[in-house]
Amino acid sequence: MSVNAGAGLDRLPLSGFHRLIMWLIGIGMFFDGFDIYVASTVLGATLKSGFSTLGQNALFVSLTFLGMMLGSLATGFLGDRYGRRFTYRTNLMVFGLASLGAALAPDMAVLIACRFMMGLSLLAENVVGYSTLTEFAPPASQGKLQGLMAVFAVSGLPVAGLIGLLLIPVLGWRGMFVLGGVGAICVWYARKSLRESPRWLESARHDKETEAILSAIEREV
């Protein structure tokens, strides 16, 4: 029997179920934004302490953006092939572990390599985050929810600056990566409760699973 996941989701009213999705995805995007901006505080500290040179700092920034470009491109294909849930959880795990690895880096070469791995998942979080929210949210509420998610992402800038101002003099620059990594892994664990997108399941012809998840969502709304 064919299941129309889009029509089933679109007719649901905005509820706590949709707000939970927005919060869980939004918090992940906050840490994504936090870590994009953390370079501005970390690189000053590594340069001042002699851990890095200006050339290494430039390479750090360049490979960050190269990783972001490659990661955002790959995420779209991975999301279509393996599903939204797999992609956004894998993305956060890679980011979290790479961030913790950066905190333990013995030299700038290792830090740059970890940063490249982090870059692969940084912009990818935006790609999979917005697409996942759009596939769950009712059409009339998508603009509002996406706007709120954008606030989560851009709030990473002032928060990263403020925390860097307070944390780096006490714990050093490594503490910034520990904070970002632990936060990402906590969000990865919290996202275990999120279901796979019924729209993706329908496109992948998993009709029975699509019907089961739609029924479960309707009971929660």
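See the values below:
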| quantity | calculated |
| --- | --- |
| For segment 89-94, 3J(HN,Hα) per residue [Karplus equation, 6.51 cos²θ - 1.76 cosθ + 1.60, θ = phi - 60°, Hz, x = Gly/Pro] | 7, 5, 4, 5, 5, 4 |
| Phi-based couplings in Hz for segment 67-79 (Karplus 6.51, -1.76, 1.60; Gly and Pro marked x) | x, 5, 5, 5, x, 5, 5, 5, 4, x, 5, 5, x |
| Charged-residue dipole, Cβ positions (Lys, Arg, Asp, Glu), the chain about Cα centre, Debye nearest 20 | 220 |
| Size of electric dipole in segment 140-221: Cβ of Lys, Arg +1 and of Asp, Glu -1, about Cα centre, debye, nearest 20 | 260 |
| C-alpha center-to-center spacing [segment 76-99, segment 168-198] in angstrom | 14 |
| The chain: projected area of the alpha-carbon convex hull, averaged over directions, in nm² | 11.8 |
| Binned Cα-Cα distance frequencies in segment 94-221 - 10 Å width, integer % | 11, 31, 30, 18, 9, 1 |
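Read the figures in this text as sums done on the coordinates, not as results from a lab. This structure is a prediction, so every number in the text was calculated from the model and none was measured. Note that we place each Cβ from the backbone using ideal geometry, even for glycine, and neighbour counts take in every protein chain shown.
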